[in-house]
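The values are calculated or read from the model by the stated rules, or taken from the named source; none is laboratory data. Bear in mind that the values here come from a model prediction, so they are computed numbers and not experimental data. Every residue, glycine as well, gets a Cβ built from its backbone with ideal geometry; the counts of neighbours run over all protein chains shown.
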Amino acid sequence: MAAQEAELAELRDQAGLLEEEVATLRRRLQEAPKRVRTLEERLLETKGQLQQAVSQNEKLTYTLREARDHIAALREEVEKLTQPPAAYGTVLCRNDDDTVDVFSGGRKMRVAAMPEVIAELKQGDEVALNESFSVILSRAGDRTGEVVTIREIVDGTRALIVGRADEERVCELSTGLQSAVIRAGDTVLMDSRSGLLVEKLSRPEVEELVLEEVPDVSYDDVGGLDGQIEQIADAVELPFVHSDLFAEHKLPAPKGILLYGPPGCGKTLIAKAVANSLAKKVAEVSGDAAAKSYFLNIKG
């Protein structure tokens, strides 16, 4: 009996434990949906935080890229600002060995040029030189300088010009002018630095007054102006016809005369008569019947 009672007590204890375990499992089963919902909420919250972190990472990446680009631009600007100054020069000619003759800083130099630049270089172009005096860029020549007058075309590449104070120089014609029609008396632009003639200037108000051909008007064709004709002839013709006497007495020859008066009073007719008479007298003295190198500037 005692053994059976002990076994029965043990079974009762086991049954109690099983009941407690069953109760625990039932509670867990009841709490499981709540835990699942809690875990799902945590999962959604974690996903949201992850998405927010990814978005912030993209923004940070974009900001970092912008900062890098800005730093690179600043570095490039600093490099440009710290570069040594570039000297400018004028192209005189290109050589067969891919070098260029330039005039810069009062000196004529033979320098190297970048391959992509030398192919486009023309005589008279303005170029920039780096610290090694190599051509790094080019542009159209500077269209400012000294205005001079063509006295005579020496050959196909040179011309005798008259500048300030009647100074005569022999200058080289640029490539563009070598193919242009240039005559004595034309006004051209000279690069003051290199002495290269770069451009023919249009002077219509002057070209209308240039006598390219000696007119056939004589003093007999002008009536009623004998006194004026005598004064003009003395002022214009005598210094050339009797230049030895003027030199002996140290008399300066006039550089020109000014005819003024109302339209139709005979200014142009007198000028043509003076040109014709002067050309004939110069031809008698020099023996050159084709003396045409004298011009009259008529104003008014």
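Pull up the range 82-141, narrow it to residues that are hydrophobic (A, V, I, L, M, F, W, C) and assigned to a loop (DSSP other than H, G, I, E, B), then point me to the one that is nearest to Leu197 (Cα to Cα).
Ranking the candidates gives Ala140 first.
Just name the residue that is nearest to Pro115 (Cα to Cα) out of those in the range 130-150 that are out of contact with any helix residue (DSSP H, G or I) (no Cβ under 8 Å at 6 or more places or on another chain) and at pLDDT 90 or above.
It comes out as Ser134.
For Ser55, indicate whether it is outside the structural domain of Gln178 (by TED's automatic domain parsing), among the hydroxyl-bearing types (Ser, Thr, Tyr) and under 30 Å from Asp191 (Cα atoms).
no
Determine which member of the set Val147, Val117 is touching a strand residue (DSSP E or B) at 6+ places or on another chain (Cβ under 7 Å) and either among the aromatic types (Phe, Trp, Tyr) or surrounded by 17 or more Cβ atoms within 10 Å (Cβ to Cβ) (or both).
Only one candidate passes the filter, namely Val117.
Spot the failing condition for Ser179; the list is (1) within 14 Å of Arg193 (Cβ to Cβ); (2) exposed (fewer than 15 other Cβ atoms within 10 Å of the Cβ); (3) of a type in the set (Gly, Ala, Ser), and only one is missed.
(1)
Condition check ((1) farther than 17 Å from Leu121 by Cα; (2) outside the structural domain of Gly124 (by TED's automatic domain parsing); (3) in a strand (DSSP E or B); (4) not polar (S, T, N, Q)) across all residues:
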site: Ile150; (1), (2), (3), (4): yes, yes, yes, yes
site: Gly156; (1), (2), (3), (4): yes, yes, no, yes
site: Leu160; (1), (2), (3), (4): yes, yes, yes, yes
site: Val170; (1), (2), (3), (4): yes, yes, yes, yes
site: Leu177; (1), (2), (3), (4): no, yes, no, yes
site: Ile182; (1), (2), (3), (4): yes, yes, no, yes
site: Val188; (1), (2), (3), (4): yes, yes, yes, yes
